[in-house]
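**Q** Below is a structure I'd like to ask you about.
The values are calculated or read from the model by the stated rules, or taken from the named source; none is laboratory data. Predicted model only: the values in this text are computed from it and were never measured. In this analysis, Cβ positions are derived from the backbone assuming ideal geometry, glycine residues included, and neighbour counts consider all displayed protein chains. Please note that ligands, DNA and RNA were not included when accessible areas were found on the heavy atoms of the full protein model with its side chains. Shrake-Rupley method; radii C 1.70, N 1.55, O 1.52, S 1.80 Å.
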There are 2 protein chains.
Amino acid sequence: MARKPGSRAEITGPRLRAAALRLFARHGFAAVSMRQIAAEVGVQAGALYQYIDDKQGLLFDLMRSHMDDLLADWAASNPPAAPASARLEHFARFHIRFHHERADAVFVSYMELRNLTPAHFAVIEGLRRRYETELEAILRAGQDEGSMALPDTKLAAMALIAMLTGVNTWFREGGRLSRARVEDIYVDMVRKAVGG
Amino acid sequence: MARKPGSRAEITGPRLRAAALRLFARHGFAAVSMRQIAAEVGVQAGALYQYIDDKQGLLFDLMRSHMDDLLADWAASNPPAAPASARLEHFARFHIRFHHERADAVFVSYMELRNLTPAHFAVIEGLRRRYETELEAILRAGQDEGSMALPDTKLAAMALIAMLTGVNTWFREGGRLSRARVEDIYVDMVRKAVGG
DNA sequence: GTCTATAATTGGATAGAC
DNA sequence: GTCTATCCAATTATAGAC
C-alpha cells in the first residue's frame, strides 16, 4: 500500500491515546486542551479529529480499553478450580500488580467518571460491576467451603477492592518496600479480614 | 454597625464556599467556572473576588477547612485512655461517619490535589499525614498490648483508611443497609484484619 | 458590597489547502 | 494524514461606577 510522506496513521493513533492518558492522569480531563495533546503527539490539534469523534469520546475509549484489559487479563489468569483461599490470594496479587502497572489508566478511570455522558457512564459502570462480581464469587465459594465467614459478601468485596486499589495512592517502586513485599502484607490482611 | 442595602457579606462568604464545594465535587475543579459559582450564589462573577484571591486559593481554603475539621473533630472525640481495640473501633466508626456527612468535601480533597500549587499541596499533605499518624498510634498501642499483630504498621494504617474511605463511593442513606449496620460490618472486618 | 463592562487569553471543533 | 487558518464561545481576573 502506497503511503504519502508524513502519513503515520499506524503510530499516531496509539501515540494520541498514550499522550491523552498521561495528561488526563496528571492534570485532569477538563484541564487538558486538545492543543496540549497534539503538541505531545507532535501534530496539530486539527489532525487529532481523524482519530476521535470528540474529546469526551476519547476519554470513554481510554476507560473502556482499561476495563476491557482488566477483565481480559483476569479471565486469562484466574484458576477457577483452586480452593477459595488460594483464589482470593491470587485475586489480591493480580489486582495490586495490574493496577500498579497502569497507574495512569486507573487514576483516570476512577476520577473522570463524571465527565462521561450517561450512556458511556453506564457502560463503564457495567464493566466495573462485572469485575466486582468476580471477587464476590470467590468470597461466596469460600463461605460455602467454610473457610471464610462474612456478614455481607457484597460489602466485603467493595471493602477489599478499595483497600487493594489504595496501594496505588502511595506505593512507588524503589521505596522502603518491594512490590512483592507489599503484596505479601496485603494478602495477609485480606486473608485475616475474611477469616472465620 | 450600619450596613448598606444590598450588602450581605456575612452570608455571601459562606454561600460562596458551599456553592464552590458542591460544584467542584459534582463537575471537577477545572470544569467549573467562576460564573457558575456566582450564579449559584446569586451575585456577579466579579463580586466573588471580594472573598477570594483567585480560583486556586478558593480550592485550597476548602481543602484546608476540611482537613482542619477532620483533625479537630477527631481530637474532640478520641478517648485516649481506652484499650487499643476499643480505640480502633471508635476510629472506624468516626471515620465512616465523618466522611459520609461531608461527601463533597471528601471527594474534592481526594480528587483535586493536583490543582493545588506545590506550597498549598504540602500543607494539605501534612494535615493528611497527621490524621494517618493518629491511626498508626492506635495500631502501635494494640501491638504493644498484644491484642494486634501487623507485619507493617504504616501499611496497615493506609490499607484500613483506604478501606473505610471506600464506603463513600457506594453507600447512600436509604439503601439496603443502614449506616449503623455498615459501620458494624466494617468494624468486624477491621478488627479481624489487624487481629493476631 | 455588588454591579457592568471589558481586557487578554484560551477553549473545542471545522474548512480547505497540500 | 497533516497543515494552516479560523469561527465562536468561554475563560479568569480587573477597573471603575454606584
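**Q** How far apart, in nm, are the 7 Å Cα→Cβ label points at residue A:114 and residue B:170?
**A** Result for the modelled spin labels: 2.1 nm.
**Q** Taking a probe of 1.4 angstrom, what is the accessible area of residue A:178 in Å², to the nearest 10?
**A** 70 Å²
**Q** For chain B, what are the DSSP H helices with axial Cα length of 30 Å or more and mean Kyte-Doolittle hydropathy of at least -0.5? Show your work: numbers first, answer last.
**A** Values: long enough: B:55-77 (33 Å, -0.04); B:118-145 (40 Å, -0.55).
Once both thresholds are applied, what remains is B:55-77.
**Q** Whats the longest run of chain A with zero trypsin sites (Lys or Arg not before Pro) that are DSSP loop and have at most 11 other Cβ atoms within 10 Å?
**A** A:4-171
**Q** Within the protein assembly as shown, count lysine pairs with alpha carbon atoms under 18 angstrom apart where the residues are 8 or more positions apart or belong to different chains.
**A** Lysine pairs meeting both conditions in the protein assembly as shown amount to 5.
**Q** Between region B:120-156 and region B:17-37, what is the C-alpha centre distance in whole Å?
**A** Using only Cα atoms to place each centre, the spacing works out to 33 Å.
**Q** Under a Cβ-only charge scheme (Lys and Arg +1, Asp and Glu -1), can you give me the dipole magnitude of region B:5-151 about the Cα centre, in debye to the nearest 20?
**A** 440 debye
**Q** Suppose a student asked you for the relative contact order of region B:54-194, using Cα pairs under 8 Å spaced at least 6 residues apart; what percent would you report?
**A** After rounding, I find 34 percent.
**Q** Continuing with this model, one more query. Over all residues in A:149-156, what is the mean tally of Cβ atoms on other chains that come within 10 Å of each residue's Cβ?
**A** 5
**Q** Distances in nm, one decimal, shortest first, from residue A:71 to the same residue in every other copy, taking the label point 7 angstrom along Cα→Cβ.
**A** Result for residue A:71, in nm, nearest copy first: 4.4.
**Q** Assign unit charges at the C-beta atoms only (+1 for Lys and Arg, -1 for Asp and Glu), then state the dipole size of the protein assembly as shown relative to its Cα centre in Debye, rounded to the nearest 20.
**A** Numbers: 52 positive and 46 negative charges, 203 e Å.
With Lys and Arg at +1 and Asp and Glu at -1, about 980 debye.
**Q** Still on this structure, I have one more. Nearest 0.05, what FRET efficiency do residue A:184 and residue B:103 give at R0 = 25 Å with Cβ-Cβ as r? Before the final figure, lay out each step's value.
**A** Details: r = 34 Å, r/R0 = 1.35.
For R0 = 25 Å, the calculated efficiency reads 0.15.
**Q** Determine how many Å³ per residue the convex hull of the Cα atoms of chain B encloses.
**A** Looking at chain B, the number lands at 152 Å³ per residue.
**Q** Give a quick list of GluC sites (Glu not before Pro) in region B:90-196 that DSSP marks as loop, anything other than H, G, I, E or B, with at most 11 other Cβ atoms within 10 Å.
**A** Those that pass, being in a loop and sparsely packed, are B:173.
**Q** List, shortest first and in nm to one decimal, how far the label point of residue B:169 (7 Å from Cα along Cα→Cβ) is from its counterparts in the other copies.
**A** Nearest to farthest, the other copies are at 1.0 nm.
**Q** Let me ask another. Compare B:90, B:99, B:27 by solvent-accessible area with a 1.4 Å probe and give them largest first, with all protein chains kept in place.
**A** B:27, B:90, B:99
**Q** Using only helices, what value at 222 nm comes out for chain B when you add -39,500 (n - 2.57) per DSSP H run of length 4 or more and divide by the total residues, to the nearest 500 deg cm²/dmol?
**A** Dividing the helical sum by the residues of chain B leaves -23000 deg cm²/dmol.
**Q** For region A:8-52, what value does the Rg/Rh ratio take when both radii are computed over Cα atoms and Rh is the Kirkwood radius, given to two decimals?
**A** On the way: Rg = 9.7 Å, Rh = 10.3 Å.
Radius of gyration over Kirkwood radius for region A:8-52 works out to 0.94.
**Q** Note down the magnitude of the dipole of region A:8-52 about its Cα centre, charges +1 on Lys and Arg C-beta and -1 on Asp and Glu C-beta and zero elsewhere, to the nearest 20 debye. Provide the component values of the computation, followed by the final result.
**A** Values: 6 positive and 2 negative charges, 17 e Å.
Computed about the Cα centre, the dipole is about 80 debye.
**Q** Per the Kirkwood definition applied to all pairs of different Cα atoms, how many angstroms is the hydrodynamic radius of the protein assembly as shown?
**A** Roughly 23.3 Å, rounded to one decimal.
**Q** Could I ask something else about it? D for region B:84-196, whole µm²/s, Stokes-Einstein with Kirkwood Rh over alpha-carbon pairs at 25 °C and 0.890 mPa s: what number?
**A** Stokes-Einstein gives a translational diffusion coefficient of 163 µm²/s.
**Q** What nm distances, shortest first, do you get from the label point of residue A:129 to those in the other copies when the point sits 7 angstrom along Cα to Cβ?
**A** Those label-point separations list as 4.2 nm.
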